[in-house]
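What follows is one structure encoded as structure tokens, with my remarks underneath.
The values are calculated or read from the model by the stated rules, or taken from the named source; none is laboratory data. The structure displayed is predicted, hence computed values, not measured ones. Don't worry about glycine lacking a Cβ; one is built from the backbone with ideal geometry, like all the others, and counts go over all protein chains shown.
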Amino acid sequence: MARFDSNDDSVVVIIGSGAGGGTLANELCQKGFKVVLLEAGKHQSSATFRNDEWFAFNQLAWLDKRTTSGNWQIAKDFPNLPAWTCKTVGGTTVHWAGASLRFQEHEFKAKTTYSDVTGANLLDWPLTLAELEPYYAKAEFKMGVTRTNDIPGLPGNNNFKVLYNGATRVGYKTVHTGRMAINSRPRDDRSSCWQLGFCFQGCKSGAKWSTLYTEIPKADATGKLDLRAECQALQIQHDSRGKATGVLYADQNGKHVVQKAAIVCVACNSIESARLLLNSSSTSFPQGLANSSGQVGKNYMRHTTGSVYATFKKPVYMNRGTVMAGIVADEAELNLKRGFAGGFEFETISLGLPFAAAFLKPGAWGRDYTRVLDQYANMAGMWIVGEDMPQETNAVTLNPTEKDQWGLPIPNVHYDDHPNDLAMRNYAYKRGADIYNAVGAVQTIAVPPYPSTHNLGTCRMSESPRDGVCNKWGQTHDLKNLFISDGSQFTTSGGENPTLTIVTLAIRQADYISRERTKKNL
Amino acid sequence: MEPWAARNPQYPWFQNSTGRGAKMKRREFLQKSVIVVASAAAAVSGVAVVASADTNQWTAGLKTLNAHEGETLLKVARQIFPHDRLDDSDYVVVVMDLDTQAGTTPDTAKLLRDGVANLDSAGSAKFATLSDDQQVAILQKNESTPFFQKVHSVELVSLYNNHAVWKKLGYQGPSYQIGGYLHHGFNDLNWLPDPPASASPKPA
């Protein structure tokens, strides 16, 4: 591992080592840049992961206190845990399930396609699918996405068999084991999938792509990476000419360090990225850094999610094998006749008994609830993931009174469900139940959203500096050498799991940074 | 206490959550670290306590709560998550976790003691002697109290993270020690047709 001096102002500092930051670090190192990669969490490995839901949650999840507000059910069920993301080297790519779907062309033009949805702060992306396609291809190759690059699909598990039979019986056509960044054959020095059933807990076989054991070691091999784990970024600093100059962080001993930088890239996941910019306010940037538009923290999106579980007369054992073992894609298409804008997928999901008890009906108790849990072995499950509407009032803000362990304001996450989100969720609950009823469900259970894993939009990209925080390259409108490199740059959420698009944007951003550096524009 | 519990004092219930009650498979046991071996040793003593539940002596293992408080909390734990397939010994584990917390946090001890006293005064007789319906009715009236919330939140983890409970409710848990479910039934469901290979290719 390289070690760069804190006064070396020729380095690129990337904050966050997940899908965006970890990928960007490798791409830049391969191009010869010196990279300091700051990660708040610890360095784990496949050897230290455990097939144990609660243990893994404590080992990997971001558990620093947050507050919530708004009418979403999360504020009631999990008031201090709005998001289920990770604080560990590799970020949330350690926890993600691997679904790797491209956004559709119309989803980059949400305002044009859906026209004016009352109460939604819609905007077209300042880029098109055509511009991204070559980079999507690079991302799919890098991640080894099944059903691309001649990589076979994964074998379906029991949970998928139930989904497949039900979905095809109600008339759905596009039902298969998905495009997954999980090896179906050994590839890239990683094994094929063991069907462990613990994708969310860190993949012990290494079959699932994670920056932890792909991008980061590859970056390290160049001799250009200085990974600093257990280092919490506190503030991005700038000079009087409006140029970012470095990052103040607390190291593993709590010591404050300033790392100078030529370029700073923010990839802390949408809640922390916005918080860091807001906490970096100064006399020149009183509203927070890169926030002349006032849009930092705004338009927070988390996908319209929910789950449908069902019990059957005979065993399923949904816990066996990949968590997202298959997909129904028919509802993802553009179809405004259903009474809502945007599309969604059904994807299988499974929880172990400990998390099923905690999440199927948060707060529930008594015989009605345990009758469901008694049927655990006979249970199948699916997750709904769909486009949610950006709203200016759905926002990450600084809590006015509560401070974290470094004395900085903690984030508050406000989210009100938009009527469009509710219409989509209710439709999806009904269609999901139809799927399971078609194969003889004894009981179907509509489960409310879990804490958000898809956190998006708080530093969105926009054509005009008035409407958003960064341009089509993730470069902030206000500070030329400050970049947004995670899902917070999404202008709208699309209906697809976001990781593939985050990785795609990171590869593209690295090319841009390299080009601009060569032209001496950076 | 395992190190992650010390790091996350907001989740104190993790201190007993691994391998508890447990017949840890020998191979898994060998793979785990020294720290975990120490906690497995503690779990062995836990098994001894649970075993004596059959002879109604389990309350002798309580360190902070008294026998009556323990017996009452055992009834409460069963009414919160009633499973006919589970034995009292499974719920005793929950009470033992509550007792451990009462021993380390005086506020929790007071909360539990006052809560039990409140339940005892809510019906026509001591809570533990009431019928199931009467117990449930009293708990429903108390479900928003800090006492109920405490027992519920501790039990949610303590009960459903117990390997003995997993077995009885049909959850097989970790699979790494057997090489995953790939050769252990991940696709053995036979009451529906297999999807075509185009939708679900055969394993490599």
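Restricting attention to the stretch A:292-339, and to residues there that are away from chain B (no Cβ under 14 Å), hydrophobic (A, V, I, L, M, F, W, C) and more than 18 Å from residue A:448 (Cβ to Cβ), which single residue is surrounded by the most Cβ atoms within 10 Å (Cβ to Cβ)?
Step by step, filter the stretch A:292-339, then rank; the result is A:296.
Looking at residue A:168, is it among the β-branched types (Val, Ile, Thr), over 30 Å from residue A:252 (Cβ atoms), within 11 Å of another protein chain (Cβ to nearest Cβ) and in a loop (DSSP other than H, G, I, E, B)?
no
Taking residue B:169 as the residue in question, decide whether it is under 22 Å from the mean Cα position of the chain (by Cα) and over 25 Å from residue B:105 (Cα atoms).
Yes.
Among the residues of the stretch B:101-113, write down those that are under 17 Å from residue B:67 (Cβ atoms) and surrounded by 20 or more Cβ atoms within 10 Å (Cβ to Cβ).
Passing the criteria: B:102, B:112.
Name the residue that is nearest to residue B:101 (Cα to Cα), counting only residues in the stretch B:150-172 that are at the interface with another protein chain (Cβ under 7 Å from one of its Cβ atoms) and in a loop (DSSP other than H, G, I, E, B).
Restricting to residues being at the interface with another protein chain (Cβ under 7 Å from one of its Cβ atoms) and in a loop (DSSP other than H, G, I, E, B), the top hit is B:161.
Does residue A:83 fit the bill of being crowded, with 17+ Cβ neighbours inside 10 Å, at pLDDT 95 or above, away from chain B (no Cβ under 14 Å) and in contact with a Pro (Cβ under 7 Å, 6 or more places away or on another chain)?
yes
Could you look through the stretch A:25-44, keep only residues that are part of a loop (DSSP other than H, G, I, E, B) and over 19 Å from the mean Cα position of the chain (by Cα), and pick out the one that is surrounded by the fewest Cβ atoms within 10 Å (Cβ to Cβ)?
A:32
Each row is one residue, and each column tells you yes or no for (1) in contact with a Phe, Trp or Tyr (Cβ under 6 Å, 6 or more places away or on another chain); (2) closer than 23 Å to residue A:225 by Cα; (3) of a type in the set (Phe, Trp, Tyr).
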site: A:7; (1), (2), (3): no, yes, no
site: A:11; (1), (2), (3): yes, yes, no
site: A:37; (1), (2), (3): no, yes, no
site: A:43; (1), (2), (3): no, yes, no
site: A:46; (1), (2), (3): no, yes, no
site: A:55; (1), (2), (3): no, no, yes
site: A:65; (1), (2), (3): no, no, no
site: A:74; (1), (2), (3): no, no, no
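For the stretch A:220-304, which fully contained strands (runs of 3 or more DSSP E) count at least 3 residues that are in contact with a Leu (Cβ under 8 Å, 6 or more places away or on another chain) and farther than 20 Å from residue A:473 by Cα?
Here the list reads A:225-228, A:232-238, A:244-250, A:256-260.
Look through the stretch B:173-204, keep the residues that are of a type outside the set (S, T, N, Q) and not in a loop (DSSP other than H, G, I, E, B), and return whichever of them is farthest from the chain's Cα centre (by Cα).
Across the stretch B:173-204, the extreme among qualifying residues is B:178.
How many of the residues in the stretch A:173-198 are facing chain B (nearest Cβ under 7 Å) and either free of Cβ contacts under 8 Å to residues at least 40 places away in the same chain or in contact with a strand residue (DSSP E or B) (Cβ under 8 Å, 6 or more places away or on another chain) (or both)?
Count: 7.
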